[in-house]
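Working notes, structure below.
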Amino acid sequence: MEILTKLVKQTEEALNQLYGLDEIDVSFEQTNSKFNGDLTLVVFPFLKFSKKRPEDTAEEIGNYISNQLDEIKAFNVVKGFLNIEFSDKYWLNASKNRFEEGIQVPKIGDNKKIVIEYSSPNTNKPLHLGHVRNNVLGYSICQIFDAVGYEVVKNNLVNDRGIHICKSMIAYQKWGNNETPESSGLKGDHLIGKYYVKFDQNYQKEIQELVSNGIDKEEAKEKSSLMVETRDMLQKWENGDLGTVTLWKQMNNWVYEGFEETYKRLGVSFDKIYYESDTYLLGKEIVQEGLKSNVFFKKEDGSIWIDLTPEGLDEKIVQRSDGTSVYITQDIGTADLKYDEFKMDKFVYVVGNEQDYHFKVLQLILKRLGKSYADGLYHLSYGMVDLPEGKMKSREGTVVDADELMDEIVATAKKQTEELGKTDGMSSKELTELYEVLGIGALKYYLLKVDAKKRMMYDPKESIDFQGNTAPFIQYTYTRIASLLRAAEKVDFKLPKVLNPVEKDLIKLISNYPNVITSAANNYNPSEVSNAVYELAKTFNKFYHEHTILGEQDHNTRGFRITLSNMVGETIKHGFNLLGIKVPDRM
RNA sequence: GGCUUCGUAGUUCAACGGAUAGAAUAGAUGUUUCCUAAACAUUAGAUCCAGGUUCGAUUCCUGGCGAGGCUACCA
């Protein structure tokens, strides 16, 4: 916003001329909608220099700058607030520039690379609502960084090995009867999930039996024959036992086929996938190097630690006494691997906030190791999704399954659409696609409109409501515009002389939109985009209701309103694309 | 216990330290001979408590109350 720079400069000059002030931070904010004006300067900070009442100080500054800038039509003073109002001509020109140039997003990430790791599923069970928030958030952040000019690597680290996978494998071996996705009619990930649950049920039963025979609960957990077999299987896997590895590959492949379907329906994708089975041994050499350089130290039992008490944390283990890695060891190794491969400027982990401590430690360790890339680490820590009944708990079967969730919300979209009956003449293929666009859009928007960092509540009843601050509301606004543009012929027109208030509001929102994107990138927060798009859609509906567009008699006003509508539509589509949500042409 | 995040209308969410705390939904009422009423308009309704910093605090600090997370040689 060119004008803002000029305004700040003039204000600094005014403060200098009037009160002899130098090097003062001047910043304007959007004028509160209850007052007249476009931008507002708060003058309270200058009072001790002006030694005048707030009203008089604001008046003086207002007089000074409005004489210097002819974009300023008027100003008014309310207490210590100086509200600046730009001329209609200024706003009309702004809209003209925007129309001619398209949406210009400041490229704050030019020549920079960012690796964004998200999704990162375990291959022992299907995805649930929590994963959906992760995926939708991760994908949107990728889109946003791409829009501001970063080269983005969408990265997934699949947790495909370990004790939890072995649990499913043991259960499958025991009770699977060679069941396959084909024979069972189950999606691969759901099939494996079934055996994971089966394992746990039998495991719990076994523990109870042991406990009733007078064995301590902790001991029972260790002694359970199922657990012994599972640990044995992990050992075999690590030794490369052919039978174990073959089964492991088979079962993982089923899961991947299942995930692929879910990812596709959610509209997320990846440029680079790491598998933990390839990376879990990484980091050990780095631990040895760190030991030599005294970043780490060894205890008597042979385990290796880092002392983070100077940073206010505690001691953290990086290698067990038996020489095997812990989780953070792998993460150190994988960070190094990423840097070797991509030489990225930033790398982001989209991971829930229960791992805040883990990532704090990881970054500290990388810094202590002197890794040049350590400062580029960012943990996009998002809050858990709670249900009205409380937390999701797999044990208690309150987990909301991702595939079922999508089925339900798409079914709702279908039902709603049919009830409204506005889709005459659309083919069944078009309709199926429309229901997906509306249903999946509603789900994604529901998850993205909340600040990513915050914990949120998922209420199934509310999520299928398509009124108000929802994707279908915004999509509906878009289709109104699309329909309008279909009916409008292309005409030349001159800019009108005056604007009505809603038109001006629309231009303001459209002009400010690129700043919203850079802010969303800086804050790793897609909800800033969703809020801006919602505000725009709401304002457009008001405009649409209050003013006729195609029926407008004045040639220039009519042309201008059509163009304005077009820009609103483009902005909605652009914003929704950043959220990973599609827009329909009809609904 | 230690560390950490969060307490805003009945409910779900907004608000770079700034004006009279915004929306949505649920509640009450109204608007279709007119570009899609999945819309628009009117109405009622909230900052957990007590101190402090500041010209100004939902926002920053301290203490209390309440909720979540972390605190494994698990991942």
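Tabulated results
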quantity: Filtered residue count, the stretch A:264-311, keeping only those that are assigned to a loop (DSSP other than H, G, I, E, B) and within 28 Å of the chain's Cα centre (by Cα); calculated: 6
quantity: First in the stretch A:416-436 and over 16 Å from residue A:471 (Cβ atoms), second anywhere and assigned to a helix (DSSP H, G or I) and among the polar types (S, T, N, Q), Cβ under 9 Å, 6 or more apart; calculated: A:423/A:417; A:431/A:417
quantity: Residue that is nearest to RNA strand B (Cβ to nearest atom), among those in the stretch A:40-61 that are among the β-branched types (Val, Ile, Thr) and crowded, with 17+ Cβ neighbours inside 10 Å; calculated: A:40
quantity: The stretch A:484-502, subset loosely packed, with under 13 Cβ neighbours inside 10 Å and farther than 21 Å from residue A:38 by Cα, residue nearest to the chain's Cα centre (by Cα); calculated: A:486
quantity: The one condition in (1) at pLDDT below 95; (2) assigned to a helix (DSSP H, G or I) that residue A:563 fails to fulfil; calculated: (1)
quantity: Residue pairs meeting the criteria (Cβ under 8 Å; at least 6 apart or on separate chains; first more than 16 Å from residue A:527 (Cα to Cα), in the stretch A:570-587; second in a loop (DSSP other than H, G, I, E, B)); calculated: A:570/A:102; A:570/A:103; A:582/A:267; A:586/A:422; A:586/A:423; A:586/A:426; A:587/A:422; A:587/A:423
quantity: In the stretch A:66-91, the residues that are of a type in the set (S, T, N, Q) and in contact (Cβ under 8 Å) with a residue 40 or more places away in the chain; calculated: A:68, A:76, A:83
quantity: Unique residue being within 12 Å of RNA strand B (Cβ to nearest atom) and out of contact with any strand residue (DSSP E or B) (no Cβ under 6 Å at 6 or more places or on another chain) when the list is A:550, A:509; calculated: A:550
quantity: Subset of the stretch A:335-347 [surrounded by 20 or more Cβ atoms within 10 Å (Cβ to Cβ) and touching a residue at least 60 places away in the same chain (Cβ under 8 Å)]; calculated: A:338, A:344, A:347
quantity: Residue list for the stretch A:187-202, restricted to those being surrounded by 19 or more Cβ atoms within 10 Å (Cβ to Cβ), without any contact (Cβ under 8 Å) to a residue 60 or more places away in the chain and touching a helix residue (DSSP H, G or I) at 6+ places or on another chain (Cβ under 6 Å); calculated: A:195, A:199
quantity: In the stretch A:312-356, the residues that are within 12 Å of RNA strand B (Cβ to nearest atom), part of a helix (DSSP H, G or I) and among the charged types (D, E, K, R); calculated: A:331, A:354, A:356
quantity: Exclusive hit being under 28 Å from residue A:95 (Cα atoms), more than 9 Å from RNA strand B (Cβ to nearest atom), of a type outside the set (A, V, I, L, M, F, W, C) and surrounded by 13 or more Cβ atoms within 10 Å (Cβ to Cβ), set A:64, A:19; calculated: A:64
quantity: Among (1) modelled with pLDDT under 95; (2) more than 9 Å from RNA strand B (Cβ to nearest atom); (3) basic (Lys, Arg), the one test that residue A:461 misses; calculated: (2)
quantity: Failed item in (1) more than 14 Å from RNA strand B (Cβ to nearest atom); (2) closer than 30 Å to residue A:493 by Cα; (3) in contact with a Lys or Arg (Cβ under 8 Å, 6 or more places away or on another chain), with residue A:94 passing the rest; calculated: (3)
quantity: Complete set of residues in the stretch A:401-459 that are in contact with an Asp or Glu (Cβ under 8 Å, 6 or more places away or on another chain) and among the basic types (Lys, Arg); calculated: A:455
quantity: Residue match in the stretch A:566-587 (condition: closer than 14 Å to residue A:482 by Cα, touching a Pro at 6+ places or on another chain (Cβ under 8 Å) and not assigned by TED's automatic domain parsing to the domain that holds residue A:517); calculated: yes
quantity: Test: residue in the stretch A:384-394 that is at positive phi and touching a residue at least 40 places away in the same chain (Cβ under 8 Å); calculated: no
quantity: Any chance residue A:572 is more than 8 Å from RNA strand B (Cβ to nearest atom), in contact with a Lys or Arg (Cβ under 9 Å, 6 or more places away or on another chain) and at pLDDT 95 or above; calculated: no
quantity: Unique residue being buried (at least 17 other Cβ atoms within 10 Å of the Cβ) and near RNA strand B (Cβ under 9 Å from one of its atoms) when the list is A:435, A:382, A:445; calculated: A:435
quantity: Residues (assigned to a loop (DSSP other than H, G, I, E, B) and among the aliphatic types (A, V, I, L, M)) located in the stretch A:371-409; calculated: A:384, A:392, A:399, A:400
quantity: Top-ranked residue of the stretch A:179-208 - restricted to ones that are in a loop (DSSP other than H, G, I, E, B) and over 30 Å from the mean Cα position of the chain (by Cα), ranked as farthest from residue A:248 (Cα to Cα); calculated: A:185
quantity: Check on residue A:125, in contact with a helix residue (DSSP H, G or I) (Cβ under 8 Å, 6 or more places away or on another chain), closer than 28 Å to residue A:258 by Cβ, buried (at least 18 other Cβ atoms within 10 Å of the Cβ) and modelled with pLDDT under 95; calculated: yes
quantity: Members of the stretch A:464-488 that are at pLDDT 95 or above, more than 8 Å from RNA strand B (Cβ to nearest atom) and of a type in the set (A, V, I, L, M); calculated: A:471, A:474, A:481, A:485
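This table checks each residue for (1) surrounded by fewer than 14 Cβ atoms within 10 Å (Cβ to Cβ); (2) touching a Pro at 6+ places or on another chain (Cβ under 8 Å); (3) polar (S, T, N, Q); (4) in a helix (DSSP H, G or I).
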| residue | (1), (2), (3), (4) |
| --- | --- |
| A:177 | yes, no, yes, no |
| A:210 | no, no, no, yes |
| A:218 | yes, no, no, yes |
| A:230 | no, no, yes, yes |
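The values are calculated or read from the model by the stated rules, or taken from the named source; none is laboratory data. Note that this is a predicted model, so its numbers are computed, not measured. FYI the Cβ positions are ideal-geometry reconstructions off the backbone, even for glycines, and counts take in every protein chain you see.
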